[in-house]
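Chemist: This structure is in structure tokens; I'll ask about it shortly.
The values are calculated or read from the model by the stated rules, or taken from the named source; none is laboratory data. Predicted, not measured: the structure shown is a model, and the values here were computed from it. Note: ideal-geometry Cβ built from the backbone for every residue, glycine included; neighbour counts use all protein chains shown.
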Amino acid sequence: MDPTGLDPALAAALDELAARRPLLLASDYDGVLAGLRDDPAAAVPEPGVAELLARLA
């Protein structure tokens, strides 16, 4: 079994996908990378998120 607990076929497919370049990483912002706010324009990244995204770039 894969150490991630994923099905081995899924883990292999994800490894193959992650090895491709360029790689697009997409995510919702408000409520995922930043806390929910009544005014989405007021949402700011949670601590450490900006640094993590910079490392992924």
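Chemist: Do any residues in the range 1-21 that are surrounded by 10 or more Cβ atoms within 10 Å (Cβ to Cβ) have Cβ atoms under 8 Å from those of residues that are β-branched (V, I, T), where the two are at least six apart or on different chains, and which pairs are they?
Modeler: Qualifying pairs under 8 Å: A11/T4.
Chemist: Does the range 1-49 hold any residues that are at positive phi and either polar (S, T, N, Q) or modelled with pLDDT of 90 or more (or both), and which are they?
Modeler: Across the range 1-49, the qualifying residue is only G48.
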